[in-house]
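Below you'll find the structure, written out as structure tokens, and then a few comments.
The values are calculated or read from the model by the stated rules, or taken from the named source; none is laboratory data. Quantities reported herein were computed from a predicted structural model and do not represent experimental measurements. Counting neighbours? That spans all protein chains shown, and the Cβs are built from the backbone with ideal geometry, glycine included. Heads up: the accessible areas ignore ligands, DNA and RNA and are worked out on the full protein's heavy atoms, side chains in. Shrake-Rupley method; radii C 1.70, N 1.55, O 1.52, S 1.80 Å.
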Amino acid sequence: MTPKSLMSIAPKPEIIFTHGQGDYLYDAENNAYLDFMQGWAVNALGHSPKALVEAINTQASRLINPSPAFYNQPAIQLADTLCKLSGLDQVFFTNSGAEANEGAIKLARKWGQTQPNKPWKIISFQNGFHGRTLATMSASGKAAFEPLFNPKVDGFIKLPFNDIEAVKSAIKSDVCAVMLELIQGEAGVVPATKAFVKELRAVTQAANILLIVDEVQTGVGRTGKMFCFENYQITPDIMTLGKGLGGGVPIAAMLAQNQVCCFEHGDQGGTFNGNPLMTAAAQVVVDTVSEPNFLHQVEHRHQQLVSGLTQLSSKFGMGEVRGQGLLLALDTGDISANKIAEKARTSYGLLINAPRENTLRFMPALNVSESAIDELLERLAKAIDEVA
Ligand SMILES: *Cc1c(COP(=O)(O)O)cnc(C)c1O
């Protein structure tokens with residue numbers, strides 16, 4: 001069935017999904033799949049939630065794109081909301097997480113040019129993932145990226161994650177920023193330690209260099225707080241958002257503190273950036289997630305999922321359960337996570353992701369129901385039992 005006209009960039013199962021609702025995806029024969037991937041952690045409110053559909057419909061019939069040469073109301077409103085929620089001052093909207101990170105890298109380099117030593121190098125971390133443009137692949141610490149598309153963009157110093165001494169010795173007068181994921185998502189949900197992040201903030205401040213947090217995966221409620229940096233009691237100089245921000249539509253953002261915002265006219269832009277259709281959609285997500293009770297529910301579902309996965313782990317002799325909020329991973333030990341994910345899909349109508357050979361990742365909708373988690377645990381137990 002492999003479609004000949006689509007460039008093949010990854011192996012994909014022979015399913016074509018035609019519709020989705022809440023925690024479930026359906027194919028043309030109406031087979032239901034319980035979805036704990038949710039568009040790769042993008043459908044923050046599940047599939048086709050009513051409020052999002054209505055906002056998109058309303059905005060589409062009113063104004064889709066006046067051109068990036070003009071302001072539009074939904075973009076202004078969303079920027080105001082994000083600044084108020086994050087404490088950062090200004091927003092640049094983009095169409096993907098990689099593009100937001102690319103913007104962060106450019107802003108950090110530009111800011112470096114305003115400093116006495118004109119620093120331009122950026123410290124990033126082994127196993128980190130920041131996207132698939134040439135600069136963001138260069139910033140990423142994925143071993144599989146190393147031989148690809150060389151020469152890469154110069155100026156990234158890759159250090160071991162959670163190693164503050166390594167950072168201290170790497171900070172020289174040519175370094176302008178440190179860039180990291182607070183939880184390394186693609187690496188298998190590996191959280192930065194609290195001590196590391198606290199010290200990193202102190203060290204970067206003392207050295208007068210920028211701290212960039214890539215919250216493309218962790219932002220907008222995913223970790224149980226509106227932004228993951230709140231779990232670490234720090235404020236970054238630059239933050240990027242993506243994935244869950246649009247509830248499934250392509251929008252991402254780069255936010256920064258006033259003193260870093262040094263782009264001059266002509267430095268940055270993009271045809272689709274901040275268009276009202278996408279910003280109106282994201283407004284629904286951000287407003288919903290920031291409702292007083294919403295993140296409490298995320299916390300309850302977190303507890304439920306962690307305790308269920310912990311039980312499964314001890315039942316099958318597997319490893320630890322890691323992560324925050326509804327970005328969780330189960331270390332499957334000697335049992336192949338890929339085989340479990342495959343079995344779960346083909347025999348039990350369950351969609352889960354295996355980012356590593358022995359890691360399963362769970363990224364359900366943030367409003368996932370209690371019964372959907374029970375269902376996941378039941379189906380997953382059967383899949384593991386069969387593979388083990
Ligand atoms: C997914 C992801 C990206 C890339 O986002 P795209 O929208 O796929 O370009 C960057 N950083 C992190 C941490 C991500 O999880």
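Tabulated data
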| quantity | calculated |
| --- | --- |
| Neighbour cut-off at most 12 other Cβ (10 Å), DSSP loop, chymotrypsin sites (Phe, Trp or Tyr not before Pro), the stretch 144-181 | 149 |
| Carbon/sulfur fraction of accessible area - the stretch 39-142, other protein chains in place, 1.4 Å, % | 55 percent |
| Longest segment of the chain lacking GluC sites (Glu not before Pro) that sit in a DSSP loop with at most 15 other Cβ atoms within 10 Å | 30-263 |
| Normalised alpha carbon radius of gyration of the stretch 88-205 [divisor 2.2 N^0.38 Å] | 1.03 |
| DSSP bridge orientation in the chain - percent antiparallel, rounded to nearest 5 | 60 percent |
| Distance histogram in 10 Å bins (all Cα pairs of the stretch 206-317, percent per bin) | 12, 33, 32, 16, 6, 1 |
| Length added when fully stretched, residue 31-residue 357, from 0.36 nm per residue minus Cα-Cα | 114.6 nm |
| The chain: most fluctuating residue of 75, 170, 195 per GNM, C-alpha cutoff 10 Å | 195 |
| Reciprocal mean inverse distance between Cα atoms of the stretch 261-388 - Kirkwood radius, Å | 16.7 Å |
| Cα-based shape type of the stretch 267-333, given that a ≥ b ≥ c are square roots of the gyration tensor eigenvalues and the cut on a/c is 1.5 | oblate |
| 12 Å beta-carbon shell around residue 257, net charge (K/R +1, D/E -1) | -2 |
| Accessible area (Å², 1.4 Å probe, nearest 10) - residue 271 | 90 Å² |
| Net charge over other residues, Cβ less than 15 angstrom from the Cβ of residue 320 (K, R count +1; D, E count -1) | +2 |
| Fraction of beta bridges assigned by DSSP in the stretch 201-258 that are antiparallel (%, nearest 5) | 45 percent |
| Virtual paramagnetic centre 7 Å along Cα→Cβ of residue 342, amide N under 18 Å, in the stretch 1-44 | 1-2, 10-15 |
| Added length on full extension, which subtracts the Cα-Cα distance from 0.36 nm per residue, residue 64 to residue 17 | 14.3 nm |
| Karplus (6.51, -1.76, 1.60) ³J(HN,Hα), θ = phi - 60°, over the stretch 235-248, in Hz, Gly and Pro reported as x | 10, x, 7, 9, 9, 10, 10, x, 5, x, 3, x, x, x |
| Local net charge near residue 159, Cβ-Cβ under 14 Å (Lys/Arg +1, Asp/Glu -1) | 0 |
| Where the chain is the region considered: accessible area per residue in Å², 1.4 Å probe | 45 Å² |
| Burial ranking of peptide ranges 200-210, 40-50, 276-286 (average Cβ count within 10 Å, highest at the top) | 276-286, 40-50, 200-210 |
| 222 nm mean residue ellipticity, helices alone, for the chain (DSSP H n ≥ 4; -39,500 (n - 2.57); rounded to 500) | -11500 deg cm²/dmol |
| Cα gyration tensor category, rounded, prolate or oblate, for the stretch 141-222 with a/c compared to 1.5 | oblate |
| The stretch 132-285 - Kirkwood radius from inverse mean 1/r over Cα pairs (Å) | 16.9 Å |
| Per residue Cα convex hull volume in Å³ - calculated over the chain | 152 Å³ |
